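The values are calculated or read from the model by the stated rules, or taken from the named source; none is laboratory data. From a predicted model like this one, the values you see are computed outputs, not experimental measurements. Cβ atoms come from the backbone with ideal geometry, glycine included; neighbour counts cover every protein chain shown. Keep in mind that these areas ignore ligands, DNA and RNA; they rest on the heavy atoms of the full protein, side chains included. Shrake-Rupley method; radii C 1.70, N 1.55, O 1.52, S 1.80 Å.
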Amino acid sequence: MAWNLNFISEEEFKNHVRATIMKYGEKLESYDLKRFNSNLVDPIKLLFDKSVYRTSWDEIVNNEIFRQRDKSNNNDIGYFHQNIFSFFKGCEVPQAGWDVIYKNPDGIRMPDGDVVHTLYVEMKNKHNTMNSASSAKTYIKMQGQILEDDDCACFLVEAIAKKSQNIKWTTKVDGKNVQHRLIRRVSMDQFYAILTGEEDAFYKMCMALPGIIHSVVNEEGSVAVPHDTVIKELQNVAALYAQQPEDLAMAMSVYMLGFHSYMGFEGKMGQQFGEKNSEMLKQIYEYAKKF
């Protein structure tokens with residue numbers, strides 16, 4: 001298929017996708033029980049989720065592993081959205097200060113008719129990721145930039161905006177509504193259009209992305225396949241409760257993640273196992289302490 005992105009070459013795009021995937025780094029490492037519980041899993045929530053959503057223990061544990069991995073992946077996707085602009089003509093991705101700076105000596109026309117020659121950009125993955133304090137701080141930063149340079153505009157660019165838009169950004173600073181025609185809230189598609197002169201530039205990038213990701217992921221040795229052992233380790237602990245129903249035995253092994261030192265659990269478990277398994281019980285407690 002012919003390459004139809006005029007603003008980035010196929011090789012550059014592939015390299016950028018590869019760099020983004022490599023950013024996943026440690027998230028691709030396998031999970032064992034210690035890593036799974038490194039941020040203290042809530043056993044009660046796992047039990048409720050499993051029952052309410054009618055899933056198996058395998059599914060609910062794998063969902064929790066996915067959630068933990070996904071929690072930090074947003075930063076990696078932020079890397080993709082921001083650093084792709086280092087390949088765009090006139091764009092710079094600074095190490096600090098602004099996420100993107102775009103300069104065009106021919107001028108950049110704003111919707112209200114103003115023409116500026118520089119855009120200073122802050123980027124967000126989603127429209128709702130900024131609280132009021134963060135919004136006010138960002139707006140004041142943009143206000144200061146415009147006071148310093150009257151030939152610029154400042155954009156808050158959102159990858160996932162509520163809709164396609166290029167509007168004045170209205171927010172609150174010290175409890176007051178503020179806005180300025182050169183401080184704007186812009187969706188990613190509109191930003192791509194400004195930089196490239198092509199209204200469907202972002203659409204074209206999205207259409208090219210699946211094939212490039214597939215190509216990179218399937219490169220030999222490029223992406224490690226995680227081999228998670230969490231469910232197996234939980235089943236090993238549950239096996240010590242062989243006299244109990246399977247579901248309760250698994251619940252007890254999950255309780256051990258967060259409650260191994262809680263009052264009542266040790267005594268009850270000791271009664272359950274008796275002297276016969278006292279050594280094994282001791283091993284479980286020693287293992288649980290590592291969490």
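Per-structure values
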item: Residues (in a helix (DSSP H, G or I), without any contact (Cβ under 8 Å) to a residue 40 or more places away in the chain and open to solvent by less than 40 Å² (accessible area, probe 1.4 Å)) located in the stretch 47-70; result: ASP49, LYS50, ILE60, GLU64, GLN68
item: Cβ-Cβ under 7 Å pairs, at least 6 apart or on other chains, the stretch 74-98 side closer than 13 Å to THR20 by Cβ, far side hydroxyl-bearing (Ser, Thr, Tyr); result: ASP76/THR20; ASP76/TYR24; TYR79/THR20; PHE80/THR20
item: Selected residue (criterion: modelled with the lowest pLDDT) from residues of the stretch 126-163 that are surrounded by fewer than 17 Cβ atoms within 10 Å (Cβ to Cβ) and assigned to a strand (DSSP E or B); result: LYS126
item: Residue, farthest from ALA153 (Cα to Cα), within the stretch 169-180, restricted to residues that are in contact (Cβ under 8 Å) with a residue 24 or more places away in the chain and touching a strand residue (DSSP E or B) at 6+ places or on another chain (Cβ under 8 Å); result: LYS172
item: For ILE44: the one exception among (1) open to solvent by 30 Å² or more (accessible area, probe 1.4 Å); (2) in a helix (DSSP H, G or I); (3) at pLDDT below 90; result: (3)
item: Any hit, the stretch 17-36, residues being without any contact (Cβ under 8 Å) to a residue 60 or more places away in the chain, in contact with a Phe, Trp or Tyr (Cβ under 6 Å, 6 or more places away or on another chain) and outside any loop (DSSP other than H, G, I, E, B); result: yes
item: Output for the stretch 6-16, where each listed residue is touching a Phe, Trp or Tyr at 6+ places or on another chain (Cβ under 7 Å) and under 20 Å from ILE194 (Cα atoms); result: PHE7, ILE8
item: Selection within the stretch 1-36 - more than 18 Å from PHE85 (Cα to Cα) and either open to solvent by less than 70 Å² (accessible area, probe 1.4 Å) or of a type in the set (S, T, N, Q) (or both); result: TYR24, GLY25, LYS27, LEU28, SER30, TYR31, ASP32, LEU33, ARG35, PHE36
item: The stretch 226-254: number of residues that are part of a loop (DSSP other than H, G, I, E, B) and without any contact (Cβ under 8 Å) to a residue 40 or more places away in the chain; result: 4
item: Residue match in the stretch 182-196 (condition: over 26 Å from the mean Cα position of the chain (by Cα) and open to solvent by 60 Å² or more (accessible area, probe 1.4 Å)); result: no
item: Positions within the stretch 104-125 being surrounded by fewer than 13 Cβ atoms within 10 Å (Cβ to Cβ) and part of a strand (DSSP E or B), in sequence order; result: PRO105, ASP106, GLY107, ARG109, VAL115
